[in-house]
Structure formats: structure tokens, C-alpha cells
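Please read the structure below before turning to the comments.
What follows draws every value from the coordinates through simple rules; no lab data is involved. Being a predicted model, the structure only gives us computed values, none of them experimental. Here the Cβ positions follow ideal geometry from the backbone for every residue, glycine too, while neighbour counts run over all protein chains shown.
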Amino acid sequence: MLDPDLLDALRTARHVVVFTGAGVSAESGIPTFRDRLTGLWERFDAASLATAEAFRADPALVWGWYEWRRSVVHRAQPNPAHLAIAALASKVPKLTLITQNVDDLHERAGSLDVTHLHGQLERPRCFQCQRDPDAPLPVPDEPEAGRRVQPPACAHCGGPLRPGVVWFGESLPMDAITHAFQAAEQCDLLISIGTSGVVYPAAEIPEIAWRLRATVLHINPVPGPLHGERDFALASAAGIALPALLNEAFAEH
């Protein structure tokens, strides 16, 4: 039985913000940056590959790793948490979905207008002129197809395409983080799912909502400390907690 105050906050919410992190995608089998790399990549550190410096030094190595990541995403499927978030959008007047994940599982689950704070694997851009490619990337090969892959050339300037994600040392897209902060300021309920809450500036999103009197729910197998009033936690996998939350909140409404 869930807290009646939490259920009431969800039933009466006019604007819900859902903020997701790597834990949601991990339930679909997508490794997080904290996971040890395996197979052909096990001797590399993920953080050392996710930088502009690494790409300048060895673009084929970095592009090959991101092609491996794309192949994992292409084989993954949305899990019950992704599906529950998409379903929630039809049960509340307004839902804003903000994610730190670079995959497209939210979209494949049926969510619309997803704000990607850290970019998207499927949206590369030129490393030199920053333009988008004229055609989408082809479906990647299987994960063990090879370690080094030369990046495609930009059709505009001939420079190499780079993954369309935010690397370490780069700023988040200004339009995305501004939209996320504004949504946090305006919502009356924020649900934070599968995120550590320690990486700033994204970690400010739940804090902003709580300071401005919204109810905040954290869903994580190991939730962190709470403020107390209007701050709730469910120590559970997202794929279990979210469907149960929706079922209990809306089963008779």
C-alpha cells in the first residue's frame, strides 16, 4: 500500500515532470557508465572514451565504441517503466519528460516530446562544422563486429561525424536544460527515476521542484536522503514501482 498523500498528489497533479536516468535504461539491458565494459571493450574505461580529446586522438576507436553502444540500444526493448511513463501521459493534464539517457527507448515506448539533456546516439553531428548529416545513420552491426570504425564524413565540410551526445567537459544543451528548469519550476509533482542525483546541473531539477512546493518522488533501488515534507521514495526497480504506482493511483479513477 502506497502513501495516501503520494497517491493523492499524483491523482490531483496538473503538471507532472518525469526525470529519468541511467537506471531506467539499465533495466532494458543497456550498460551504464558505472558498469565494467565487456568483450572487445573490457580493457577500456568508458569515461576515457567519452571526450573530445579521445576523439581527436583516435576517432575510429571512439566512433567504434559508440557504434557498439548503438547496436546494444537497437537490440534493447522498452521495459515496463518506459511503458508506464508513456501511459501516465494520458492520465494527467500535462506531462514533461526529461531524460539523461541518450537512447530512444522512451520514444519507442510511445512518449512524445522527450527532452534529452545529454544528447542522442541517433543524432550525430560534424566534429568540425557542427552541422547535422543529411541522412540518418544506418543500423549498426552486431556488438562484436569490430573495435575500430572510421566515422562517416560530413557532407558539408568533409570533417568526421561525432556522436551526438554530451561528452565529459562539455556543457549541456542550453535549450534542453532551460526547458528542464522551467518545467521543474512549474510542476506540482516531479518523479525522479533511476538517477543518482549527484551530477550537476541536472541534479538541480528535483531540488528546484521541491523548493517551489512541488511533491517529489524518487524511485531507485537505493534512494538517497529525503527532505521530509512532500518528498517520497520508493526503493524499487522502476519497472516494478511505476506500473504499481499507476495501478494504485488510477485503478478506480
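What order do you get for 112-124, 160-172 when each peptide is scored by the mean count of other beta carbon atoms within 10 Å, highest first?
Details: 112-124: 18.6, 160-172: 17.0.
The most tightly packed comes first, giving 112-124, 160-172.
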> So how compact is segment 171-252: Cα radius of gyration and Dmax in angstrom?
Replying inline: 13.3, 45
>> Return the equivalent ellipsoid semi-axes of the chain as a descending list in whole Å, where each equals the square root of 5 times an eigenvalue of the C-alpha gyration tensor.
In response: 35, 18, 16
> What does the charge dipole of the chain about its Cα centre add up to, to the nearest 20 debye, if the Cβ of each Lys and Arg holds +1 and the Cβ of each Asp and Glu holds -1?
Replying inline: 380
> What Kirkwood hydrodynamic radius, in Å, does segment 106-180 give when the mean of 1/r is taken over all pairs of distinct Cα atoms and then inverted?
Replying inline: 14.2
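Provide the percentage of antiparallel DSSP beta bridges, counting only those with both residues in the chain; round to the nearest 5. Before the final figure, lay out each step's value.
Working: 4 of 26 bridges.
Taking every DSSP beta bridge with both residues in the chain, the antiparallel ones total about 15 percent.
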>> Using only the alpha carbons of segment 42-91, what is the convex hull's orientation-averaged projected area in square nanometres?
In response: 5.1
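Averaged over every viewing direction, what's the projected area of the C-alpha convex hull for segment 69-215? Give it in nm², one decimal, please.
Details: hull surface 40.7 nm².
Over every viewing direction, the Cα hull of segment 69-215 projects on average to 10.2 nm².
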> Going toward the positive end of the dipole of segment 34-193, with +1 on Lys and Arg Cβ and -1 on Asp and Glu Cβ, which of Phe44, Leu88, Tyr66 do you reach last?
Replying inline: Phe44
> Once Rh is set to the Kirkwood radius over Cα pairs, what Stokes-Einstein translational diffusion coefficient, in µm²/s, holds for segment 1-141 at a temperature of 37 °C and a viscosity of 0.692 mPa s?
Replying inline: 192
